[in-house]
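Read the structure below first, then the notes.
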Amino acid sequence: MNATYYRLEVLRFVRDRVGLFFTVGIPLFMYLVFGAAQSFGKENAGHGNVTFYIMVSMAAYGAVTATTGIGASAATERSLGWGRQLGLTPLKDRTFVSVKVLVALTIAVIPIALIYAAGALTGARADGLAWVLCPLITVAGAAAFALYGLVFGLWLRSESAVSAASGSLVILAFLGNIFIPLEGVLLTIARFTPLYGLVQLSRYPLTEGRVMSGDVLINEGLWIPVANVAAWLTLLAILATWLVRRSRGRQ
């Protein structure tokens with residue numbers, strides 16, 4: 001792993017104030033408005049309260065926004081000629097990939113850490129184990145969304161890929177039962193969307209599989225979010241592989 005390249009990549013992201021705002025500022029703002037500021041946040045939700053439940057959701061949204069953006073930018077860099085520039089250096093492809101993965105993990109931690117810190121100061125309550133396991137699951141799951149961004153970058157092959165990938169997450173967050181509790185047909189549809197499995201697994205140490213549907217919690221088997229994550233991870237990996245091969249064929 002090239003430490004210098006890693007440091008430069010992290011600094012490049014941190015200096016992007018607009019990108020940092022959308023990755024950290026918006027999820028934090030939404031947590032404060034829809035979680036910390038609401039009177040119902042003190043109500044019980046599994047092994048904690050509703051404020052903690054919303055905090056986990058917003059942290060997951062911020063984390064996937066970060067990793068998706070990094071995946072899309074990596075693909076765009078390669079398609080716009082940055083890969084040829086790197087080819088003139090001793091940097092190997094596997095090093096490039098490993099650095100991007102580590103950068104994605106590092107950046108994903110930023111919104112999670114800030115939102116959890118805000119939660120600790122604004123009434124989020126849960127068992128001690130949930131404070132440890134929920135963010136760890138979120139980081140691990142969000143790393144897979146670098147593939148989601150990679151697919152957009154390889155497909156669009158332009159600088160708009162990052163905006164398109166990150167923008168689509170807003171719609172997926174609504175459909176994935178992140179922003180508002182869904183019920184009925186909408187909840188059934190949500191179970192087939194990419195973000196549902198990740199967020200439900202992130203909440204699992206808190207809810208033990210119960211899902212907020214409207215104003216109540218309903219039981220859901222662990223296999224549902226696990227199957228969701230596995231299916232989307234497989235599909236995205238297949239799409240990314242196909243798009244990489246197609247892009248090589250055009251060169």
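FYI, it's all coordinate maths here, none of it is from the lab. Here the structure is a predicted model, which means the values were calculated and not measured. Virtual Cβ from ideal backbone geometry, glycine too; neighbours counted across all protein chains shown.
Counting other beta carbons within 10 Å of each Cβ, put Ser213, Ser202 in order, fewest first.
Ser213, Ser202
For the chain, build the charge dipole from Cβ charges (+1 Lys, Arg; -1 Asp, Glu) around the Cα centre, then report which of Val24, Ser57, Leu235 sits farthest towards its positive end.
Of the candidates, Leu235 comes out farthest on the positive side.
Could you give the dipole magnitude of the chain about its Cα centre, charging the beta-carbon of Lys and Arg +1 and that of Asp and Glu -1, in debye to the nearest 20?
1080
For the chain, which DSSP H helices look membrane-span-like by this rule: Cα extent along the axis of 27 Å or more and mean Kyte-Doolittle of at least -0.5?
In the chain, the long hydrophobic H runs are 50-79, 93-121, 223-250.
Using modelled backbone amide H atoms (1.01 Å from N, in-plane), which distant-in-sequence or interchain residues come within less than 5 Å of Glu220's amide H?
Hits under the 5 Å cutoff: Arg210, Val211.
Which FRET efficiency, nearest 0.05, do Glu43 and Val18 yield, Cβ-Cβ r, R0 35 Å?
0.45
What is the fewest-to-most order of Lys100, Lys42 by other Cβ atoms lying within 10 Å of their Cβ?
In order of increasing Cβ crowding within 10 Å: Lys42, Lys100.
Given the options Ala130, Ala146, Ala104, which has the most mean-square fluctuation in a GNM of the chain, springs set between C-alpha atoms less than 10 angstrom apart?
Ala130
In nm, what is the difference between 0.36 nm times the number of residues separating Arg245 and Ile26 and their Cα-Cα distance?
Full extension of this stretch gives 75.3 nm more.
Which residue, Ala227, Ala143, Ala108, has the most motion in a Gaussian network model of the chain that connects Cα atoms within less than 10 Å?
Fluctuation is largest for Ala227.
Can you put Asp127, Asp215 in order of Cβ neighbours within 10 angstrom, beginning with the fewest?
Asp215, Asp127
What whole-number volume per residue, in cubic angstrom, does the convex hull of the C-alpha atoms of the chain give? Present the calculation step by step, with values, prior to reporting the outcome.
Values: hull volume 30.0 nm³, N = 251.
Enclosed volume per residue, from the Cα hull, is 119 Å³.
For Leu186 and Val226, FRET efficiency with R0 = 22 Å and r from the beta-carbon atoms, rounded to 0.05?
So the FRET efficiency works out to roughly 0.55.
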